[in-house]
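Have a look at the structure below before the remarks.
The values are calculated or read from the model by the stated rules, or taken from the named source; none is laboratory data. Small disclaimer: the values here were computed from a predicted structure and weren't measured. Here the Cβ positions follow ideal geometry from the backbone for every residue, glycine too, while neighbour counts run over all protein chains shown. When the accessible area is computed, the model is the full protein with side chains, heavy atoms only, and any ligands, DNA or RNA have been set aside. Shrake-Rupley method; radii C 1.70, N 1.55, O 1.52, S 1.80 Å.
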Amino acid sequence: MKKLISISMNLKKIEALKSLNSECLVIGIYEDKNLNEITKILNSDSSGLLKKLLTRKELTGALKNQLYLPDMSGFKANKVFLVGLGKKNKELNEDEFSQLSSTISKITISSNAKDVDIFLPEIKVKLKKPSWVYKILSRDLESGCYQYFFEGKKTQPKNKLKKINFLNLAGNESKAKILSSIKMGHVIGAGMNTSKDLANTPANICTPSHLAKQAKLISKTFPSIKTKVLGEKEMKKLGMDCLLSVGNGSAQESKFIIMQYSGGKKTSKPHIIVGKGITFDTGGISIKPSPNMDEMKYDMSGSASVFGTMRAIAEIKPKLNIIGVVASAENMPSSTATKPGDVVNTLSGQTVEILNTDAEGRLVLCDALTYIERFKPASVIDIATLTGACVVALGHQATGLLSNDQNLADNILESGYSSCDKAWQLPLWDEYQSDINSKYADIANIGGRAGTITAACFLSRFTRSYKWAHLDIAGTAYGGRVGKTSSGRPVPLLTEYLLSRKQ
Ligand code: BES
Ligand code: MN
Ligand code: ZN
C-alpha cells in the first residue's frame, strides 16, 4: 500500500504568515483592482511589489490566476504562490470550484516542496458548506500527488510532496467537522489512486490473476473486507459459460472476484458494485485496428474503480453492507477463441449469439449480474468501459448512465454533481430492445445504431429482479485532460453514492 501524504490543519492568523518558516506557502487571493486585506499584508514589506503586480495586471485574483514569487521580501517562506479565488462575495458553482481545486493541487505539487502551507480565505460554493470545500480540496491534493511507478523505466519524476498544512479555518463549521471532511476527501483520493495504479499497470502484469491477488491483498490490509475468488473450473460448474467464452482465446485464466464489506446489520440488504475487468481487449477474432490498441489495457477500469471504492469504504467504515464484484478475463484471438456466430449459454439460462467478439464487456458482466441475485441487493451499479459510442456521445467529461429505476438514476446523477465526477443519463426505452434480437439465440450481443444504449439493453435482460444502473466509463476512466493515464474516475461518484445510502 502506497504511503499517503499527510494533511493537517494548524491555524495561524494572517499577520503570522510573514514569519512562517515554510518551504512553500500557497495563498488564495480575491479578485480586486486595489490592495485588500491579504494583499495589503503581502505588500507591506515588499517595497510595493504587490501593488505593482496589480497595476500590471499580472496579479488579478481572477479565478485560477496564478503568480509565483520565488523570493518574497519580508517573508520567511522560501517560495510563495498566489492563486486567484475570484470575487470575494461571488459564489462559485461546483464546476468552477472543481477547476480551482485542481489548480491549487497542481500549484502545490509543482512547487517541488516537501512541505506546503496553504492559506485560503473563505471560498463560497453555491449550496455547499465549507466542509464540502475542504473535502474536495484534500481529495484533489492526494489524487493530484499520484504518480505511477513505471517498473523498468530508469528515469522518472518523483513526487516530493509529503505534508500539507491548512493554515486557516474559513467558514462557520467546527474544526472537528472540517477535519473529518479532510480525512474523508483524503481517503477518497487514496481510493482513486488505488484505481489508477491498477488501471495504469501494463496488461502483461495486470492479468485476471493479478486482479485476484490484489483483491486478496486488500482483504489482508483491510480485514473488514472478505474476498472470494472463483476460477474457471468453479465458474464452469456454476454455468457461467458466457463469461468464460470471452477468455477462451487467452492463456490467462478468467477470474470472478467477490469482495464483501459488512458494516451494516445482517438483515440489511447490500449495495453492489460490479466492474468490467477485461485486462486487455484485442477485440478477439473481431480484432481491433492497431492504432492506440495499447489503450485497451484500460479495459479493466470498471473493476479498478471497484477496488478503489472498496478501499475507501474500508477506511470510512460506514454502517452499510457493500459488495464489490469483478468479472475478469483477457479478450484474445486464437484457435480456441470464440468466433462470430457462436451461441453460448448464460448463467441466467438465456442464450446469446456472439455476432461480434469485440462486444465482450457485456458478456462477462451478464453472468456477474445474474450471480449477484443471490445477495438480494438493495441496488446494483455496474461500471464498464463498455462502448466507444459513449465517448462519441459524451466525450471525456461525463460518464454515461442508464438505469431501470429513475429514483436510483436520480441519486447517481446527484452523487455525480456533488462529487464533481459527473454522469449524464441516456434513455433505456423499450423501443431499443428489438435491436438486439437474434435469429439463433435469445439475445444478440450487438445491434442497432445507438451503441451505448443497446449495450445497456443487453445488460437489462439480466437485471430484472433488482434496481440497477449501468455506468459507461469508456470516456471518463482515462484519456482526455489526463492524457494516456487513468483518471481514478468514477471512484468519487461511487463513494458519494454509497455513503449517501441509509445507514
Ligand atoms: N472496450 C471496448 C469499448 C471502448 C472503446 C472503451 C474505446 C474505451 C475506448 C469494448 O469492448 C468494445 O470494443 N466495444 C465495441 C462494441 C461494438 C463491437 C458493438 C465498440 O465500442 O466499438
Ligand atoms: Mn471490445
Ligand atoms: Zn472491451
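Only one of these is away from ligand 3 (no atom under 16 Å from the Cβ) and either part of a strand (DSSP E or B) or over 13 Å from residue 493 (Cα atoms) (or both): 343, 392. Name it. Answer to the check: 343. Residue 49 fulfils the conditions (1) within 17 Å of residue 119 (Cβ to Cβ); (2) touching a strand residue (DSSP E or B) at 6+ places or on another chain (Cβ under 9 Å); (3) not β-branched (Val, Ile, Thr) except for a single criterion, (1).
Screening the candidates 257, 218 for the property of being in contact with a Pro (Cβ under 9 Å, 6 or more places away or on another chain) and within 30 Å of residue 3 (Cβ to Cβ) yields one hit, 257. Looking at 389, 393, 384, just one residue is at pLDDT 95 or above, out of contact with any Ser or Thr (no Cβ under 7 Å at 6 or more places or on another chain) and within 28 Å of residue 329 (Cα to Cα), and that residue is 384.
Condition check ((1) open to solvent by less than 10 Å² (accessible area, probe 1.4 Å); (2) in a helix (DSSP H, G or I); (3) under 24 Å from residue 23 (Cβ atoms)) across all residues:
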| residue | (1), (2), (3) |
| --- | --- |
| 150 | no, no, no |
| 161 | no, no, yes |
| 164 | yes, no, yes |
| 176 | no, yes, no |
| 192 | no, yes, no |
| 195 | yes, yes, no |
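Across region 197-217, the qualifying residues are those that are in contact with a strand residue (DSSP E or B) (Cβ under 8 Å, 6 or more places away or on another chain) and in a loop (DSSP other than H, G, I, E, B), and the one among them that is farthest from residue 145 (Cα to Cα) is 207. When region 1-21 is filtered for residues that are under 26 Å from residue 220 (Cβ atoms) and among the basic types (Lys, Arg), the ones remaining, listed by number, are 2, 3.
Among the strands (runs of 3 or more DSSP E) confined to region 399-503, the ones with at least 2 residues that are over 25 Å from residue 198 (Cβ atoms) and either more than 16 Å from ligand 1 (Cβ to nearest atom) or among the basic types (Lys, Arg) (or both) are located at 423-425.
Step by step: first the residues of region 326-343, then only those that are more than 16 Å from ligand 2 (Cβ to nearest atom) and over 17 Å from residue 279 (Cα atoms), then the one that is surrounded by the most Cβ atoms within 10 Å (Cβ to Cβ). Which residue is that? Applying the filter and picking the extreme gives 343. So which residues in region 133-166 are among the small types (Gly, Ala, Ser) and modelled with pLDDT under 95, if there are any at all? The answer is 144, 152. Taken across region 264-273, residues that are within 16 Å of ligand 3 (Cβ to nearest atom) and crowded, with 24+ Cβ neighbours inside 10 Å do not occur at all.
When region 387-400 is limited to residues that are surrounded by 18 or more Cβ atoms within 10 Å (Cβ to Cβ) and more than 16 Å from the chain's Cα centre (by Cα), the one that is nearest to ligand 2 (Cβ to nearest atom) turns out to be 387.
Residues in region 454-489 that are charged (D, E, K, R) and over 16 Å from residue 402 (Cα atoms) were compared, and the one that is surrounded by the fewest Cβ atoms within 10 Å (Cβ to Cβ) is 481. Conditions first: (1) out of contact with any Ser or Thr (no Cβ under 6 Å at 6 or more places or on another chain); (2) surrounded by fewer than 20 Cβ atoms within 10 Å (Cβ to Cβ). Residue 442 passes all but one, so which condition is the exception? Failing condition for residue 442: (1). Would you pick out the residues in region 349-374 that are away from ligand 1 (no atom under 15 Å from the Cβ), β-branched (Val, Ile, Thr) and either open to solvent by less than 10 Å² (accessible area, probe 1.4 Å) or closer than 12 Å to residue 338 by Cα (or both)? Scanning region 349-374 gives a single hit, 372. Any residue at all in region 71-87 that is more than 26 Å from the chain's Cα centre (by Cα), open to solvent by 80 Å² or more (accessible area, probe 1.4 Å) and closer than 24 Å to residue 418 by Cβ? Yes, because at least one residue in region 71-87 is more than 26 Å from the chain's Cα centre (by Cα), open to solvent by 80 Å² or more (accessible area, probe 1.4 Å) and closer than 24 Å to residue 418 by Cβ.
Taking region 294-327 as the range and being under 25 Å from residue 138 (Cα atoms), within 14 Å of ligand 3 (Cβ to nearest atom) and touching a Phe, Trp or Tyr at 6+ places or on another chain (Cβ under 9 Å) as the test, the residues that pass are 301, 304. Within region 51-66, does at least one residue satisfy the condition of being assigned by TED's automatic domain parsing to the domain that holds residue 137, exposed (fewer than 14 other Cβ atoms within 10 Å of the Cβ) and in a helix (DSSP H, G or I)? Yes, region 51-66 contains at least one residue that is assigned by TED's automatic domain parsing to the domain that holds residue 137, exposed (fewer than 14 other Cβ atoms within 10 Å of the Cβ) and in a helix (DSSP H, G or I).
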